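The values are calculated or read from the model by the stated rules, or taken from the named source; none is laboratory data. As the structure is a computational prediction, the values presented were derived from the model and not from experiment. Counting neighbours? That spans all protein chains shown, and the Cβs are built from the backbone with ideal geometry, glycine included.
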Amino acid sequence: MTVNRRHFMIGAAATGLATSFAIRTTPARAAEFNYKFANNQTLTHPMNVRAKEAAAKIQEESGGRVAINIFPSSQLGADTDVLGQVRSGGVELFSLSPLILSTFVPNASLSGIGFAFAGYDAVWPAMDGALGGFVRGEIQKKGLHVLDTIWDNGFRQISSSRGAIATPADLEGFKIRVPVSPLWTSMFSAFGAAPASINFAETYTALQTGIVDGQENPLAILSTAKLYEVQKFVSMTNHMWDGFWILANRRAWAALPEDCQEIVSRNFNAAALLQRADVMALNQSLQGMLEGNGMAFNAPDPAPFREKLSSAGFYAEWKGKYGDEAWKILETSAGHALG
């Protein structure tokens, strides 16, 4: 797919015209189960590349009984809107960040606590083990089915037009765009920053006009959204790790025969592992590309940032919200105490 065509599809999605570009693996009338899989990533993102491969295998292995039609780039609505559609049954499958899912499942955001994980060597054993199991249990309690293996979004980094973020003091008074989520606002407020909850579609303009000094996202977002045009510094803070759970409407999942459930689960879980490797490789290559576009990188020591959150009461506040059991699982999974 060419860059121009990709940009057209993203623009069409914004105007409500892109639904016809959903990835269809088989004609709608040919399958017994035609399920929609919605997500907010572009067609070329590793998530959709691997999801398309998984959908083709599901169709083949199910003998054509199950067709997964992929709707990328938020074609079916914003994340919170689509979450409502999954709950009601209007959409059967949906990939969503646990931090945004926490608006419905409060403890889902446990894995996103600031500076909990030092790197992927800690993240994957946690999310494939006790921490992921705990969160999946919380999701199931809310009436959604969730697949076993979480997909990767990446570690989040801070970009700035004002200067590098090297110490917690550099965040004091720093106007930073954050997603609409209490966890983000709470963390940056603890640093003395001025977090502003702004929809992502408005982020470029907010950075360009100086409404905010910076933002935070995985490197892939800096590239695909061309934020390097309005940001010049990237601080590799790794302050949060973020992923995507594959959620399913419970009634739609229960309607699948057991053998089809197994086929769908196995192929999507296998695709998640491949996507994780894709995202890691992509992020490693992106730093050079972003530097080529004029961005300067630095890698701060995370210890002072963690200490600042502790002294500001951030960890104590969120431990109280999540509960002692959940917090113990997080600390054990992270391999160190928080707060």
Item to check | Considering residues of the stretch 78-104 that are out of contact with any helix residue (DSSP H, G or I) (no Cβ under 7 Å at 6 or more places or on another chain) and in a loop (DSSP other than H, G, I, E, B) only, the residue farthest from P218 (Cα to Cα) | outcome: G90
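Results for (1) surrounded by 22 or more Cβ atoms within 10 Å (Cβ to Cβ); (2) closer than 24 Å to E138 by Cβ; (3) under 18 Å from the mean Cα position of the chain (by Cα); (4) of a type in the set (D, E), shown as yes or no for each residue.
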residue	(1), (2), (3), (4)
A252	no, yes, no, no
C260	no, no, no, no
R266	no, yes, no, no
Q275	yes, yes, yes, no
M280	no, no, yes, no
L290	no, no, no, no
P302	no, no, no, no
S310	no, no, no, no
A316	no, yes, no, no
Checklist entry - Among the numbered criteria (1) part of a helix (DSSP H, G or I); (2) within 21 Å of D170 (Cβ to Cβ); (3) touching a residue at least 12 places away in the same chain (Cβ under 8 Å); (4) over 23 Å from the mean Cα position of the chain (by Cα), which single criterion is violated by R306? => result (4)
Checklist entry - Looking at E202, is it among the acidic types (D, E) and not assigned by TED's automatic domain parsing to the domain that holds D128? => result yes
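If you take the residues of the stretch 197-240 that are among the aromatic types (F, W, Y), in contact with a strand residue (DSSP E or B) (Cβ under 9 Å, 6 or more places away or on another chain) and at pLDDT 90 or above, which of them is nearest to S73 (Cα to Cα)? Spell out the reasoning first.
From the stretch 197-240, those among the aromatic types (F, W, Y) are 200, 204, 228, 233; that's our starting set.
Okay, now just the ones that are also in contact with a strand residue (DSSP E or B) (Cβ under 9 Å, 6 or more places away or on another chain), so 200, 228, 233.
Those left that are additionally at pLDDT 90 or above: 228, 233.
Working: Y228: 21, F233: 27 Å.
Per the criteria, the residue is Y228.
For the stretch 186-195, name all the residues that are touching a strand residue (DSSP E or B) at 6+ places or on another chain (Cβ under 8 Å), buried (at least 17 other Cβ atoms within 10 Å of the Cβ) and farther than 29 Å from D278 by Cβ. Don't jump to the end; show me each part of the working.
At the first step, the residues of the stretch 186-195 found to be touching a strand residue (DSSP E or B) at 6+ places or on another chain (Cβ under 8 Å) are 187-189, 193-195.
Now restrict to residues that are buried (at least 17 other Cβ atoms within 10 Å of the Cβ): 187-188, 193, 195.
Those that are touching a strand residue (DSSP E or B) at 6+ places or on another chain (Cβ under 8 Å), buried (at least 17 other Cβ atoms within 10 Å of the Cβ) and farther than 29 Å from D278 by Cβ: F188, A193, P195.
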Next on the checklist: Residues that are surrounded by fewer than 21 Cβ atoms within 10 Å (Cβ to Cβ) and within 23 Å of A296 (Cβ to Cβ): does the stretch 117-128 have at least one?
Outcome noted: yes
Next on the checklist: Given the criterion touching a residue at least 60 places away in the same chain (Cβ under 8 Å), part of a helix (DSSP H, G or I), more than 21 Å from S97 (Cβ to Cβ) and touching a strand residue (DSSP E or B) at 6+ places or on another chain (Cβ under 8 Å), identify the matching residue among Q287, Q275.
Outcome noted: Q287
